[in-house]
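One structure below.
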Amino acid sequence: AKVQHHNFVIQETPVKRLCKTRNAITVNGMFPGPTLEVNDGDTLEVKVHNRARYNITIHWHGVRQMRTGWADGPEFVTQCPIRPGKSYTYRFTIQGQEGTLWWHAHSSWLRATVYGTLIIHPAPGSSFPFPKPDRQTALVLGEWWNANPVNVINQATRTGAAPNVSDAYTINGQPGDLYNCSTKGTVVVPVNAGETSLLRVINAALNQPLFFTVANHKLTVVGADASYLKPFTTKVLMLGPGQTTDVLLTANQPPKRYYIASRAYQSAQNAPFDNTTTTAILQYTKTTTTSPPIMPPLPAFNHTKTVTSFSRKFKSLRNVVVPKTIDENLFFTIGLGLDKCPKHFPKNRCQGLNGTRFTASMNNVSFVLPSNFSLLQAHSNGIPNVFTTDFPAKPPVKFDYTGKNISRGLFQPVKGTKLYKLKYGSRVQIVLQDTNIVTSENHPIHLHGYDFYIVAEGFGNFNPKKDNSKFNLVDPPLRNTVAVPVNGWAVIRFVADNPGVWLMHCHLDVHIKWGLSMAFLVENGVGELETLEAAPHDLPVC
Ligand code: C2O
C-alpha cells in the first residue's frame, strides 16, 4: 500500500457557463475538481489550503474513515471550518472498499462547484469481479447556478423561502449542447466498436435525484457506492444525490454518435427533452457521421415505477454479513415542516408556504450545528453544553405518511443539537419513514463513517407485522446513501464498529440547511483498535 500526497488549493476561478462568466470556488482552478485514483489499502494525505474568502471543509463521501473521524470533514461535526488563509491535512486510509466514491465541500453550498471523483481500484494482485474493461470513464452529474450558490442559500434562509432552482444540470461540469452556449464544452466519451467501458456515474447535484441513460445501449450495473453488486442490465439508472453507480457498456451498436442523458426524477420542472436535460456524447471513434447524436427516451419526472424496479435489482455480490439480531431498533421519521415566522419579519410573514418558513426534521428534531466547537472535539475533550444525547429512538408524536392525522407538533419541530449514543459494536436497525407533512419526496439519506445494508424498502406506513417478513438478510446491497422512496420507507442495518461522531442527513442540501440531520455518537470499544485516533495537530479550531 502506498501513501499519496495531494495539495488542494481552494480559490476563486472565473468559470464560463450558459453564456456568462462568474467567479466560482474551485480546487486548483479546476471545475469539477481533480480526480483522485487510489488502490484499496492506500493512504491519502490531502493538504487543503484555503485561499478563498469562505470557510470551507472537505468531506470524503463514502470513505469509511475507520478510527479517523477527524478526517471526515463535515463542518462543526468532525472539525471546525478551515478559515481563509489557513490549511488542514486530511489523512486517512482506504480499507476494503473498491469502486467509485467522491469528495465534496461540506460547508454552506460550496459543494455546488467544489467536488470531484475518488476512484478506488482493487489492491495490487486482486482484480475486478468482472472482465477487465477496455476503458474507464467517470461521469459526475451536477447542477450549475448562474448566481453564486452561497448567495442563493443565504437569500433563502433570510426569507424562509425555498432557494432558487439551478440553471442547468451538468455532466462533468458541462450542461451539454441542449443548453445555450454549451455546444463547445459538451463532454465526448470516445468508444471503439466492440470494446467495453466502465462508466462511473456519480450524482453530485445539490438538490436533485436524477435519471441517467445512454441511447440504444444497455447498461450492466456492477457496483454502487464502492461495493460490488450481482450484475444486472437496465436502460435507466436513478441516482439520489450522494449515490454512485458503476456500469459496463459494450459498444455493440452501429458506429454513430449517441446521447448520454440525465434529467430530474421528482422535480417541479415537468418537461420533455429540453434544457432541463443534460447531455454528453458517446462517440464511436471511427464514425464519420455528421448527423446529430441519437436521443434516448427518459422516464417522466414522476415515474416512481422505474425507480422501484431499478432499486429492487440491487443485490450484494460478496462479503455479506448482515446483522441478524438487533441491539438498537430505531424508527426515524424524515420530512419537511413549516416554522413560525420570526417577529422581526414585515407583518410576521415569511416567504415559505402561507407566510411561514420551511424547516425539516428527523423524529421531530430540527438539527442545529454548534458554532464554537465541533461535536467530535466536544465529545473527545469532554466539553459540556455543546450537545445532548437525547435524540429520540422513535418519533415522539403521531405521524402518517398520507399527511392526514398528523399531530400539529410535527409541522413545527423542536430545534436542538441532539445525538444518539451507540455502544461500540452494537447492531443497529433504522426504519427511515417519509412523513409527507408538507410534501412527499424521495430523500437520499446518507450516513457518514459507515456503509449499511438496505434490507427492505416499501410504500405507505412501515408496518413491522407485515413488512419484517420482506427483509433481505441474504444479499442486500451495501451503500452509504439510501434513496428512501417517496411516500414510503427503507430499513437499514449496520454494526457500530467505528467510534466517533457521525452525521446522518438528507443529501438534498437545502434539507440539511433546514435541519434534516442528526448524528450518532459511537463510543470507543476496548483496546487501541476500537478507539478513535488522537486529533491531528493541525485540526482547525473555532
Ligand atoms: Cu456527501 Cu454529509 O455528505
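The values are calculated or read from the model by the stated rules, or taken from the named source; none is laboratory data. Computed from a prediction, not measured in an experiment: that's the story for all the values here. A quick note on method: Cβ atoms are made from the backbone with ideal geometry, for glycine too, and the neighbour counts reach across all protein chains shown.
Only strands (runs of 3 or more DSSP E) whose full extent lies in region 165-220 are considered here, and the ones with at least 3 residues that are over 15 Å from Thr117 (Cβ atoms) are 188-191, 210-214.
Considered as a group, the residues in region 66-92 that are at positive phi and within 16 Å of the ligand (Cβ to nearest atom) include one that is surrounded by the most Cβ atoms within 10 Å (Cβ to Cβ), and that residue is Gly73. Looking across region 93-121, the residues that are surrounded by fewer than 21 Cβ atoms within 10 Å (Cβ to Cβ) and either outside the structural domain of Ile25 (by TED's automatic domain parsing) or part of a strand (DSSP E or B) (or both) come down to Thr93, Ile119, His121. Right, Pro133: away from the ligand (no atom under 16 Å from the Cβ), closer than 23 Å to Phe212 by Cβ and part of a loop (DSSP other than H, G, I, E, B) or not? Yes; evaluated as a whole, the condition is true for this residue. Based on this model, can you work out whether Tyr259 counts as surrounded by 15 or more Cβ atoms within 10 Å (Cβ to Cβ), among the aromatic types (Phe, Trp, Tyr) and farther than 21 Å from Cys506 by Cα? Yes, satisfied. Of all residues in region 228-259, those that are of a type in the set (D, E, K, R) and either assigned by TED's automatic domain parsing to the domain that holds Phe452 or closer than 25 Å to Asp40 by Cα (or both) total 2. Can you tell me how many residues within region 127-146 are surrounded by fewer than 19 Cβ atoms within 10 Å (Cβ to Cβ) and either in contact with a strand residue (DSSP E or B) (Cβ under 9 Å, 6 or more places away or on another chain) or charged (D, E, K, R) (or both)? The total comes to 10.
When region 467-484 is filtered for residues that are at pLDDT 95 or above and over 18 Å from Ala224 (Cα atoms), the ones remaining, listed by number, are Phe471, Leu473. Residue count for region 346-358 satisfying the condition of being within 26 Å of the chain's Cα centre (by Cα) and either surrounded by fewer than 24 Cβ atoms within 10 Å (Cβ to Cβ) or without any contact (Cβ under 8 Å) to a residue 60 or more places away in the chain (or both): 1. The number of residues in region 437-463 being more than 16 Å from the ligand (Cβ to nearest atom) and touching a residue at least 12 places away in the same chain (Cβ under 8 Å) comes to 16. Region 469-542 holds strands (runs of 3 or more DSSP E) entirely within its bounds, and those carrying 3 or more residues that are in contact with a helix residue (DSSP H, G or I) (Cβ under 6 Å, 6 or more places away or on another chain) map to 500-506. Here the condition is being surrounded by fewer than 24 Cβ atoms within 10 Å (Cβ to Cβ) and within 16 Å of the ligand (Cβ to nearest atom); of Val526, Val510, Val541, Val495, it holds for Val510 alone.
Contact map, region 159-188: first residue within 30 Å of Gly515 (Cβ to Cβ), second residue modelled with pLDDT under 95 and of a type in the set (Gly, Ala, Ser), Cβ cut-off under 7 Å, separation 6 or more or different chains; pairs are Gly160/Gly352; Ala161/Gly352; Ala162/Ala156; Pro163/Ala156.
So in region 466-491, with the set limited to residues that are away from the ligand (no atom under 16 Å from the Cβ) and β-branched (Val, Ile, Thr), which one is farthest from Gln412 (Cα to Cα)? Here the residue is Val474. Assess whether Asn364 counts as being surrounded by fewer than 16 Cβ atoms within 10 Å (Cβ to Cβ) and of a type outside the set (Gly, Ala, Ser). For Asn364, the condition - surrounded by fewer than 16 Cβ atoms within 10 Å (Cβ to Cβ) and of a type outside the set (Gly, Ala, Ser) - is not met.
Residue under question is Thr245, and the condition is that it be in a strand (DSSP E or B) and among the polar types (S, T, N, Q); does it hold? The answer is yes for Thr245.
Applying a threshold of 7 Å to beta carbon distances and a minimum spacing of six or more residues, or different chains, the list of pairs starting in region 496-512 at a residue that is at positive phi and touching a residue at least 40 places away in the same chain (Cβ under 8 Å) and ending at one that is aliphatic (A, V, I, L, M) and away from the ligand (no atom under 12 Å from the Cβ) reads Gly500/Leu376; Gly500/Val522; Gly500/Leu532. Among the criteria (1) of a type in the set (A, V, I, L, M, F, W, C); (2) touching a Cys at 6+ places or on another chain (Cβ under 6 Å); (3) within 13 Å of the ligand (Cβ to nearest atom), the one Leu110 does not fulfil is (2). So in region 265-287, with the set limited to residues that are of a type in the set (A, V, I, L, M, F, W, C) and surrounded by fewer than 23 Cβ atoms within 10 Å (Cβ to Cβ), which one is modelled with the lowest pLDDT? Once the filter is applied, the top-ranked residue is Ala271. For region 229-255, which residues satisfy the criterion of being within 18 Å of the chain's Cα centre (by Cα), more than 15 Å from the ligand (Cβ to nearest atom) and hydrophobic (A, V, I, L, M, F, W, C)? Those that are within 18 Å of the chain's Cα centre (by Cα), more than 15 Å from the ligand (Cβ to nearest atom) and hydrophobic (A, V, I, L, M, F, W, C): Leu237, Met238.
Taken over region 127-166, the criterion of being of a type in the set (Ser, Thr, Tyr) and modelled with pLDDT of 95 or more is satisfied by Ser127, Thr137.
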